[in-house]
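Colleague: Submitted below is the structure of interest, expressed as structure tokens.
A short reminder: the numbers here are calculations on the coordinates, not readings from a lab. This one's a predicted model, so the numbers in the text were calculated from it and none came from an experiment. Here the Cβ positions follow ideal geometry from the backbone for every residue, glycine too, while neighbour counts run over all protein chains shown.
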Amino acid sequence: MRVLVTGGAGFIGSHYVRQALSGAYPALADAEVVVLDKLTYAGNPANLAPVAESPRLKFVQGDICDGALVSELMTGVDLVVHFAAESHVDRSILGSADFVLTNVLGTQTLLQAALGAGVGKFVHVSTDEVYGSIDEGSWPEDHALEPNSPYSASKASSDLLARAFFRTHGLPVCVTRCSNNYGPYQFPEKVIPLFVTNLLDGGKVPLYGDGLNVRDWLHVDDHCRGIQLVAESGRAGEVYNIGGGTELTNRELTERLLAAFDAGWDRVEPVPDRKGHDRRYSVDITKISTELGYRPAVPFDQGLADTVRWYRENRSWWEPLKERAALVGK
Ligand SMILES: NC(=O)c1ccc[n+]([C@@H]2O[C@H](COP(=O)([O-])OP(=O)(O)OC[C@H]3O[C@@H](n4cnc5c(N)ncnc54)[C@H](O)[C@@H]3O)[C@@H](O)[C@H]2O)c1
């Protein structure tokens, strides 16, 4: 079996690859894993260091928009797991061209090549942000797409292309839409690693607006397990929400992180709100739970404590990245 993982040197993609190559997913026990990653500012070969010696790993540096390369790599592939994206909302507010290129054109390039190669399953990794913002309740998968940021608009566009390749061509595509992830190896521009590394450096943490925006936090390992369930058993053409973590306002999240460092509210620096800042995200995970038996397994307090410890113990991983991460977090 051969698996093509795009964006496998990023935060979530590298977790999936490390898990796949260390035997966490029995269906991939003997699989060859080909990683295609452009190594943008967010991609980092160090994220794959624990499995770099695996004879089952092949790493290719390249762009998912490169049709010739993508077609070549797609030959003989059974499963595509597509993580590669421009993923940071704040960057998409400053400039959205790269988001459209990678997230829309890149996804179309992969879908087209997968069709040509006759791959058995294509999992398109998307986000709950495509649904917009919801004050109460949770979105089921058939809710309208109402993206509010250039990032989420580009992801919604790619979801629609995935749907079209199934409806028009019968390509066996599944789309996953997950809530906010946290865990080790997350680039320190996103809010949890940004706050943790600032606190480790004795600095302040920038809190957007009134701090009352709500996010559902899911450990990256739970996300990747959900993706693998969809890869193995998801029905072609279907969308699966993944979430069911812990809903917290940004203030509550900040309080928990301050507590982990015995730090007080004086370490918080209020900053003007993000433009168009979505108030709340919440996905309904009934479908993946009942159809595929998915349930998140990592309790938030434990996952957060482990994550803080990982950043404490892996300063050499994140210190070189801090300068690249001058923007305020997600
Ligand atoms: N981080 C979250 O909380 C979250 C939640 C839900 C969904 N997602 C989705 O999961 C996926 C992975 O997110 P992440 O947080 O790991 O992102 P990330 O920014 O950490 O990693 C993205 C990876 O894609 C690579 N990449 C970017 N452009 C590329 C291109 N043109 N060609 C090849 N590779 C390219 C980068 O080098 C990097 O390794 C994304 O599709 C994102 O939309 C993320």
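Colleague: Considering only the chain, what is the antiparallel percent among its DSSP beta bridges, to the nearest 5?
Modeller: Here the share of antiparallel DSSP bridges comes out near 10 percent.
Colleague: Using amide H atoms built in the peptide plane, which far-off residues or other-chain residues are under 5 Å from C174 H to H?
Modeller: Amide H neighbours of C174, under 5 Å, 5+ apart: F122, V123, H124, G237.
Colleague: What list of ³J(HN,Hα) values in whole Hz, one per residue of the stretch 296-312 in order, does the Karplus curve 6.51 cos²θ - 1.76 cosθ + 1.60 (θ = phi - 60°) give from phi, with Gly and Pro shown as x?
Modeller: So the J values, rounded to whole Hz, are x, 10, 8, x, 4, 4, 5, x, 5, 4, 5, 5, 4, 4, 4, 5, 4.
Colleague: Determine, for D128, D221, D210, the number of other Cβ atoms within 10 Å of each Cβ, and report the residues in order from fewest to most.
Modeller: Starting with the residue having the fewest Cβ neighbours, the order is D210, D221, D128.
Colleague: Suppose every Lys and Arg Cβ carries +1 and every Asp and Glu Cβ carries -1, with no other charges. What dipole size does the chain come out with about its Cα centre, to the nearest 20 debye? Mind dumping the intermediate values first?
Modeller: Working: 31 positive and 42 negative charges, 78 e Å.
The dipole magnitude comes to about 380 debye.
Colleague: Build a GNM of the chain with springs between Cα atoms under 10 Å: which of D135, D78, D98 gets the top mean-square fluctuation?
Modeller: Ranking D135, D78, D98 by mean-square fluctuation puts D135 first.
Colleague: What are the residues whose amide H is under 5 Å from the amide H of F59, where those residues sit 5 or more places off or on another chain and H is modelled from the backbone?
Modeller: V35
Colleague: Can you work out ³J(HN,Hα) from phi for every residue in the stretch 164-174, in order, using Karplus 6.51 cos²θ - 1.76 cosθ + 1.60 and θ = phi - 60°, giving whole Hz and x for Gly and Pro?
Modeller: For the stretch 164-174, the Karplus-derived couplings read 5, 5, 6, 5, 7, 10, x, 4, x, 9, 10 Hz, x marking Gly and Pro.
Colleague: Subtracting the Cα-Cα distance from 0.36 nm times the residue separation, let me have the gained length for T75 to E269 in nm, one decimal.
Modeller: Contour length minus the Cα-Cα distance gives 64.7 nm.
Colleague: A further question on this structure: Using the beta-carbon distance between D210 and A259 and R0 = 25 Å, what value does 1/(1 + (r/R0)^6) give for FRET efficiency, to the nearest 0.05?
Modeller: FRET efficiency, D210 to A259: 0.75.
Colleague: What whole number of Å gives the distance from the Cα centroid of the stretch 233-290 to the Cα centroid of the stretch 15-70?
Modeller: 27 Å
Colleague: Which lysines, if any, have their Cα less than 25 Å from the Cα of K155, not counting same-chain residues under 8 positions apart?
Modeller: K38, K121, K190, K275, K287, K330
Colleague: Amide H neighbours of V271 under 5 Å, at least 5 residues apart or on other chains, H built in the peptide plane: list them.
Modeller: Residues meeting the amide H criterion: L207, Y208, G209.
Colleague: Then there is this: Sequence neighbours fewer than 8 away in the same chain don't count; with that in mind, list the aspartates and glutamates whose C-alpha is under 13 Å from K58.
Modeller: The reachable aspartates and glutamates, counting only those whose Cα sits under 13 Å from K58, are E32, D37.
Colleague: Related question: ³J(HN,Hα) across the stretch 98-110 via Karplus (A = 6.51, B = -1.76, C = 1.60, θ = phi - 60°), whole Hz, x for Gly/Pro?
Modeller: So the J values, rounded to whole Hz, are 5, 5, 5, 4, 6, 6, 9, 5, x, 5, 4, 4, 5.
Colleague: For the chain, build the charge dipole from Cβ charges (+1 Lys, Arg; -1 Asp, Glu) around the Cα centre, then report which of P272, A114, Y151 sits farthest towards its positive end.
Modeller: Positive-most Cα among the choices belongs to A114.
Colleague: Could you work out [θ]222 nm for the chain from helices alone, using -39500 (n - 2.57) per DSSP H run of at least four and dividing by all its residues? Round to the nearest 500 deg cm²/dmol. Working shown, then result.
Modeller: Values: 11 runs with 120 residues, N = 330.
Helix contribution divided over all residues of the chain: -11000 deg cm²/dmol.
Colleague: Could you work out how much longer the chain between R163 and R324 gets when fully extended? Use 0.36 nm per residue separation minus the Cα distance between them, nm to one decimal.
Modeller: Details: separation 161, 0.36 × 161 = 57.96 nm, distance 3.49 nm.
Going from the current span to full extension adds 54.5 nm.
Colleague: I would also like to ask the following. Dividing the alpha-carbon radius of gyration of the stretch 1-80 by 2.2 N^0.38 Å (N being the number of residues), what value is obtained?
Modeller: Cα Rg divided by the expected 2.2 N^0.38 Å: 1.01.
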